[in-house]
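The values are calculated or read from the model by the stated rules, or taken from the named source; none is laboratory data. Just so you know, these numbers come straight off a predicted model, no measurement behind them. Cβ sites come from the backbone with ideal geometry, for glycine too, and all protein chains shown count toward neighbours. Please note that ligands, DNA and RNA were not included when accessible areas were found on the heavy atoms of the full protein model with its side chains. Shrake-Rupley method; radii C 1.70, N 1.55, O 1.52, S 1.80 Å.
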Amino acid sequence: MTRHTPEQFRALFDPRAVLVAGASTHPGKFGFVALHNILSCGYQGGIYATNRDGAEVLGIATARDVAELPDGEIDLAFVCTPAGANPELLKACAAKGITAAFIASAGYGEAGDEGRRAQDELVALAEELGILLAGPNGQGVVSTPAQLCAQIVGPYPPRGRIGVASQSGNLVSAFQNYAGQTGVGISRAVSAGNAAAVAVPDFLEYFATDPETAVALAYIEGVAVGEGRAVYERLRQVSERLPVVLVKGGRSADGQRAAASHTGSLASDDRVFDGMARQAGVQRAATVEQAFDVAATFATQPLPQGNRVAVVTTAGGWGVATADALSQTSLQLAALPDDLRAAIDEHLPPRWSRNNPIDLAGGETRDTVPAVLDLVAGHSEIDAVIFLGIGIQSNEAKLMRRGRFYPDHGLERIVAYHERQDARFAQAAIEASDRTGKPVLVATELAVASPDNPAVATMREAGRLCHASANRAVAALDHLWQRSRWLQRRGLPLG
């Protein structure tokens, strides 16, 4: 498979101008939606479109033929035309100096033998023309630094440091939706579709060189027969430069059959793939939501130097559940050092747990949580902290706001106090992590149940992931530790 140049990837992700080939006046057609999304998400480059009737679409005067467009100004063609028209279209694009094409058209490798032949011919033609060919049968490409949303569906995620490459378009959407929900944003996102010429490893290699991207997040359905060793080497090299979080479809026999009909992929033996991923330093996630959790944690937290974890909680049950979750991982619930216990004694009433998990037992006052987080995160025998129970006060404040006694009975003052405190506790967790260079993860179900909670909102505004449960935080932290250990064994810097 041909390796593509950095300039071709720049044309795909940071084009000077974009052509939508096959723009449509029908709002339900890909050619309309793609143009709409490019126009609506802030892209500042040139925007061109072709339409066989020359009809105006969304205020854009379209050309009937690519030949009518200017020379040397357009970098990327977003192709919505039927498969049969695409060879001549690519030739016309190349004549205009276009060096990247995203093919949204279906009817290729996923459509049987005839489609595979057409796909092979298109790949050979693109290579001959010097065009990077993404897709076909793909959803699109998003590049938040360029404010580019060249895809046939929503959403458009917030800007961030996660680069997404996926064989499934709807999983690109899923990751973008999670980015919108959590506020932990995305740099580049691309659906590889049938990955005929540019496969997920190609995009990951580009992400490893991209200053906008700090974490790679990938979904794949299979590795072609005979390419396993090469894929392993490429993933290992990428992993040495940035975290690679991967979720794989086609783990079961039923999933493998579904993958074959989806993108034409032949899923590899899952046990072999799992071993390959582990040796290559790839963080393999069990589910789509876990994959985003892990990628977002890599994007927003430092790596731990070791596996000793302290759990700080405002109530006991969360601590017990988290201790159970930790026991199922390579992490350890740290033994609480005597000097740390004595230091915490200075801030909490005697009823606190005096052990790890550090159950504050309702003993938190105005400054307790920031002080305890600082002490725990700053201790040399603690490598990471999980902070639980945040947002409780604001949850009560929310109920008070909705009740019939608000704003009388002195509730305004206590509501405002509760909300300030939760925001302050979240900020304290962020600052403790920044000061110590250690991961301090915050988890509460309010991240999903009540995203406007001031604690959750503060995390979001700071660009930090607020985990939706302690279990999910533990799983993500375990991946951070696995990567830290993989880098340490190879003598590589932690970041």
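Collect the residues in the stretch 209-226 that are within 18 Å of ARG284 (Cβ to Cβ) and either open to solvent by 40 Å² or more (accessible area, probe 1.4 Å) or not in a loop (DSSP other than H, G, I, E, B) (or both), keeping them in residue-number order. Once the filter is applied, which keeps residues that are within 18 Å of ARG284 (Cβ to Cβ) and either open to solvent by 40 Å² or more (accessible area, probe 1.4 Å) or not in a loop (DSSP other than H, G, I, E, B) (or both), the stretch 209-226 yields VAL215, ALA216, LEU217, ALA218, TYR219, ILE220. For ALA475, the requirement of being of a type in the set (A, V, I, L, M), within 19 Å of the chain's Cα centre (by Cα), open to solvent by 20 Å² or more (accessible area, probe 1.4 Å) and under 25 Å from VAL415 (Cα atoms) is not met. When the test is whether a residue is hydroxyl-bearing (Ser, Thr, Tyr), at pLDDT 95 or above and either open to solvent by less than 70 Å² (accessible area, probe 1.4 Å) or under 32 Å from the mean Cα position of the chain (by Cα) (or both), THR62 passes it.
For every residue, the table says whether it meets (1) over 27 Å from PHE9 (Cβ atoms); (2) in contact with an Asp or Glu (Cβ under 8 Å, 6 or more places away or on another chain); (3) open to solvent by less than 30 Å² (accessible area, probe 1.4 Å).
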| site | (1), (2), (3) |
| --- | --- |
| GLU56 | yes, no, no |
| ASP71 | no, no, no |
| PHE78 | no, no, yes |
| GLU88 | no, no, no |
| ILE98 | no, yes, yes |
| ALA101 | no, no, yes |
| ALA104 | no, no, yes |
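The one condition from (1) outside any helix (DSSP H, G or I); (2) surrounded by 15 or more Cβ atoms within 10 Å (Cβ to Cβ) that ARG420 does not meet is (1). Per the conditions (1) farther than 18 Å from LEU441 by Cβ; (2) open to solvent by 30 Å² or more (accessible area, probe 1.4 Å), the sole criterion not satisfied by TRP352 is (2).
The test for being in a helix (DSSP H, G or I) and exposed (fewer than 13 other Cβ atoms within 10 Å of the Cβ) holds for ASP339.
All of (1) open to solvent by less than 10 Å² (accessible area, probe 1.4 Å); (2) in contact with a Phe, Trp or Tyr (Cβ under 6 Å, 6 or more places away or on another chain) hold for GLN119 with one exception: (1).
To keep it simple, each residue is scored yes or no on (1) in a strand (DSSP E or B); (2) over 27 Å from the mean Cα position of the chain (by Cα).
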residue	(1), (2)
GLN8	no, no
LEU35	no, no
ARG52	no, yes
PHE78	yes, no
LEU90	no, yes
SER105	no, no
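Annotation: of all residues in the stretch 147-202 being crowded, with 24+ Cβ neighbours inside 10 Å and of a type in the set (Ser, Thr, Tyr), the one that is nearest to GLU289 (Cα to Cα) is THR182. Contact annotation: residue pairs with Cβ atoms under 7 Å, 6 or more positions apart or on different chains, pairing a residue in the stretch 107-132 that is under 26 Å from PRO15 (Cβ atoms) with a partner that is open to solvent by less than 100 Å² (accessible area, probe 1.4 Å) and among the charged types (D, E, K, R), are LEU129/LYS91. Select from the stretch 278-327 the residues that are part of a loop (DSSP other than H, G, I, E, B) and touching a Lys or Arg at 6+ places or on another chain (Cβ under 7 Å) and write down the one among them that is nearest to ARG435 (Cα to Cα). Restricting to residues being part of a loop (DSSP other than H, G, I, E, B) and touching a Lys or Arg at 6+ places or on another chain (Cβ under 7 Å), the top hit is PRO302. Considering GLN427, GLN482, the condition of being in a helix (DSSP H, G or I), more than 20 Å from the chain's Cα centre (by Cα) and surrounded by fewer than 23 Cβ atoms within 10 Å (Cβ to Cβ) is satisfied by GLN427 alone.
Kindly check whether there is at least one residue in the stretch 112-128 that is out of contact with any Pro (no Cβ under 7 Å at 6 or more places or on another chain), in a helix (DSSP H, G or I), closer than 13 Å to ALA192 by Cα and of a type outside the set (D, E, K, R). Within the stretch 112-128 (the criterion being out of contact with any Pro (no Cβ under 7 Å at 6 or more places or on another chain), in a helix (DSSP H, G or I), closer than 13 Å to ALA192 by Cα and of a type outside the set (D, E, K, R)), the answer is no, since none of the residues qualifies. Checking VAL372, VAL309 one by one, the residue that is modelled with pLDDT of 95 or more and closer than 29 Å to VAL245 by Cβ is VAL309 and no other. Among the residues of the stretch 293-306, is any closer than 25 Å to GLY250 by Cα, open to solvent by 30 Å² or more (accessible area, probe 1.4 Å) and at pLDDT 95 or above? There is no residue in the stretch 293-306 that is closer than 25 Å to GLY250 by Cα, open to solvent by 30 Å² or more (accessible area, probe 1.4 Å) and at pLDDT 95 or above.
Take the conditions at pLDDT 95 or above, within 30 Å of VAL231 (Cα to Cα) and hydroxyl-bearing (Ser, Thr, Tyr) and apply them to SER330. Does it pass? When the stated conditions are applied, SER330 passes them.
Of the residues making up the stretch 162-177, those that are at pLDDT below 95 and part of a helix (DSSP H, G or I) number 2.
Table: residues versus (1) closer than 20 Å to GLY389 by Cβ; (2) touching a Phe, Trp or Tyr at 6+ places or on another chain (Cβ under 8 Å).
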| site | (1), (2) |
| --- | --- |
| GLY281 | no, yes |
| ALA285 | no, no |
| ALA291 | no, yes |
| PHE298 | no, no |
| PRO302 | no, no |
| ASN307 | no, yes |
| ALA315 | yes, no |
| THR322 | yes, no |
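If the condition is being within 22 Å of GLY169 (Cβ to Cβ), open to solvent by less than 40 Å² (accessible area, probe 1.4 Å) and among the hydroxyl-bearing types (Ser, Thr, Tyr), then the stretch 28-54 contributes only TYR43.
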